[in-house]
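Below: the structure, in structure tokens.
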Amino acid sequence: MLNIRKFRQSFFIKITILFVLALIFMITFEAGLRDVMLHRRHFSKIQRNVVNYCNYILEDIGTPPDTLLARQLAEEYGISLSITTPEWQWTNNPDINKEKELELIPYEPDTTISVGFHKGLYVDYQRPPYHFRFLMEGRREGFSYAAEIYAIILLSAFALLIFAIYLAMRWMLRPLRELHEGVHQISQGNLEVAVQNRWRDEFGDLIDSFNDMSRKIREMLLARERLLRDVSHELRSPLTRIKIALEFMEPSDTRAAIAEDVKEMETMISEILESERLNSPYGGLKKEKIDIKELLCHVSGEFQDKAPGVKLELPDQPAFALVDPDRFAIVLRNLLSNAFKFSTPQSAPVEMTLSRAGSGWRISVKDYGIGIPEEDLPFIFEPFYRVDKSRNKKSGGYGLGMSIVRQIVERHGGEIRLESTPEQGTEFIIDLPAEVQQ
Ligand code: ADP
């Protein structure tokens, strides 16, 4: 189907339309010019020659006209001729008097003669009682055939021209296509992109600016990550000191509140550092072949006493997989802690299920809590993304948990996705290959 919007927005198509319009104008112009130049201006000169020519033939035919000689001459010179009187008519071409659009203009030196042009050259003589009419080049194989050839050649030449313009425009707009690819890469999150610049025109400048821009964005993001990592590192020692100092304080509400804040800060710092480690080339996983059933039991045990509780569903046989147990425990812990955080004590228990999926394993963590609005779903795994932008103590968090979960799952060669309905609950599903090479 023709996409009108794309059509209207495409610079390329607009330029092509412009060229086509220019061509149409040229064609009209050419036709008009031919009419003026050939048919009108040269007409007076042609008239004189033609009238002289016809005069000679008329003299030869004589009065009264010798129709036998007329036929002979007409055939010899390749012209059409008709002789008409009120009583009879003779012609070697019955079509000669049928032309309706024929417009005859009197020939100035002798107004008994008139001349006209329509699909051939007409010369009329009023010599009462005779009316002679000559037609030159009126035959199909003559004038009109040449005109058809002319039209075909002209049209083919124009079609070729349009095609050539199309190819030339495509070639000229190549930089735009490459730039488009670069922008697309950036929108997909690939900031390492640099468009190769082979042009020295305005497009070349544009590509240079684009490459500059993507380099600056890259540097800004790196600087932000570096700052975050350095600040987190620096905060660890004072936090440890505060924790030690807290040990010496008398138990009180203030001490409990400070201890809670310190714990929250510790979680945040360890999340930032964990995310940083996973991103760095040295943050390799220490994978071992373990029974992930045991890992699920162990982590879910940490949540056993909390409302609304966990319902564990495990297969009978052991579930061996090659995973980094510490990192994978983080995944399960983050999923469970979110499931609890976004459920109420009255909700149905959180379900944690382990099952076979092809040759690998599927882990699902399903809660019956508040759910996630549809428009937020694509961003849940983005770092620092939270549905509720105003942080409150209860739902805590900085939006790093899910991004770490995804990084760890993907580093294990697995996939994670989620399904959620507001007010009904959320399910996170991890597909993990059974044996992943390190
Ligand atoms: P946070 O530390 O804020 O929990 P996460 O990265 O763990 O950050 O999660 C990002 C956001 O995704 C959360 O703020 C929350 O809005 C949403 N979310 C994650 N898990 C659930 C869930 N089980 N139910 C409802 N919302 C969830």
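The values are calculated or read from the model by the stated rules, or taken from the named source; none is laboratory data. Note that this is a predicted model, so its numbers are computed, not measured. Neighbour counts are summed over all protein chains in view; Cβ atoms, including those assigned to glycine, are modelled from backbone coordinates with ideal geometry. Heavy atoms of the whole protein, side chains included, go into the accessibility calculation; ligands, DNA and RNA do not. Shrake-Rupley method; radii C 1.70, N 1.55, O 1.52, S 1.80 Å.
At-a-glance table
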item: Residue count for segment 244-278, restricted to those that are closer than 18 Å to Ala329 by Cα and open to solvent by 90 Å² or more (accessible area, probe 1.4 Å); result: 1
item: Given (1) within 16 Å of the ligand (Cβ to nearest atom); (2) touching a helix residue (DSSP H, G or I) at 6+ places or on another chain (Cβ under 9 Å); (3) open to solvent by less than 70 Å² (accessible area, probe 1.4 Å), number of the condition Ile372 does not satisfy; result: (2)
item: Of all residues in segment 35-72 being closer than 20 Å to Leu104 by Cβ, aliphatic (A, V, I, L, M) and surrounded by fewer than 13 Cβ atoms within 10 Å (Cβ to Cβ), the one that is modelled with the highest pLDDT; result: Val36
item: Failed criterion for Gln304 (all others in (1) surrounded by fewer than 14 Cβ atoms within 10 Å (Cβ to Cβ); (2) near the ligand (Cβ under 10 Å from one of its atoms) hold); result: (2)
item: Any chance Leu295 is open to solvent by less than 70 Å² (accessible area, probe 1.4 Å), within 23 Å of Leu176 (Cβ to Cβ) and away from the ligand (no atom under 16 Å from the Cβ); result: no
item: Residues located in segment 42-88, provided they are more than 22 Å from Phe117 (Cβ to Cβ) and of a type in the set (Val, Ile, Thr); result: Ile61, Thr63, Thr67, Thr85
item: Test: Phe210 is open to solvent by less than 60 Å² (accessible area, probe 1.4 Å) and either at pLDDT 85 or above or out of contact with any helix residue (DSSP H, G or I) (no Cβ under 9 Å at 6 or more places or on another chain) (or both); result: yes
item: Top-ranked residue in segment 345-355 [being hydrophobic (A, V, I, L, M, F, W, C) and within 43 Å of the chain's Cα centre (by Cα); ranked as nearest to Val387 (Cα to Cα)]; result: Met352
item: Residue check, Asn338 in contact with a Phe, Trp or Tyr (Cβ under 9 Å, 6 or more places away or on another chain) and open to solvent by 10 Å² or more (accessible area, probe 1.4 Å); result: yes
item: Leading residue by the ranking (modelled with the highest pLDDT) among those in segment 346-356 that are exposed (fewer than 15 other Cβ atoms within 10 Å of the Cβ) and away from the ligand (no atom under 16 Å from the Cβ); result: Ser355
item: Which listed residue, of Ser275, Ser300, is more than 27 Å from Thr344 (Cβ to Cβ) and in a helix (DSSP H, G or I); result: Ser275
item: Enumeration of residues in segment 281-292 that are modelled with pLDDT of 70 or more and either among the hydrophobic types (A, V, I, L, M, F, W, C) or assigned to a loop (DSSP other than H, G, I, E, B) (or both); result: Gly284, Leu285, Lys286, Lys287, Ile290, Ile292
item: Every residue from segment 131-159 that is at pLDDT below 65, under 30 Å from Pro86 (Cα atoms) and open to solvent by less than 60 Å² (accessible area, probe 1.4 Å); result: Gly138
item: Which numbered condition Arg200 misses (of (1) under 20 Å from Pro383 (Cβ atoms); (2) assigned to a loop (DSSP other than H, G, I, E, B)); result: (1)
item: Residue check for Ser343: more than 22 Å from Gly413 (Cβ to Cβ), out of contact with any Phe, Trp or Tyr (no Cβ under 8 Å at 6 or more places or on another chain), of a type outside the set (Val, Ile, Thr) and open to solvent by less than 30 Å² (accessible area, probe 1.4 Å); result: no
item: Candidates Leu191, Leu235, Leu228 - the one that is part of a loop (DSSP other than H, G, I, E, B), in contact with a helix residue (DSSP H, G or I) (Cβ under 7 Å, 6 or more places away or on another chain) and open to solvent by less than 90 Å² (accessible area, probe 1.4 Å); result: Leu191
item: Pick from segment 316-344, criterion part of a loop (DSSP other than H, G, I, E, B) and within 47 Å of the chain's Cα centre (by Cα), ranking: nearest to the ligand (Cβ to nearest atom); result: Phe342
item: Where Ser270 falls short, out of the listed (1) at pLDDT 95 or above; (2) under 26 Å from Asp388 (Cα atoms); result: (1)
item: From Arg362, Arg391, Arg411, Arg386, residue being basic (Lys, Arg), at pLDDT 90 or above and either more than 8 Å from the ligand (Cβ to nearest atom) or open to solvent by 20 Å² or more (accessible area, probe 1.4 Å) (or both); result: Arg362
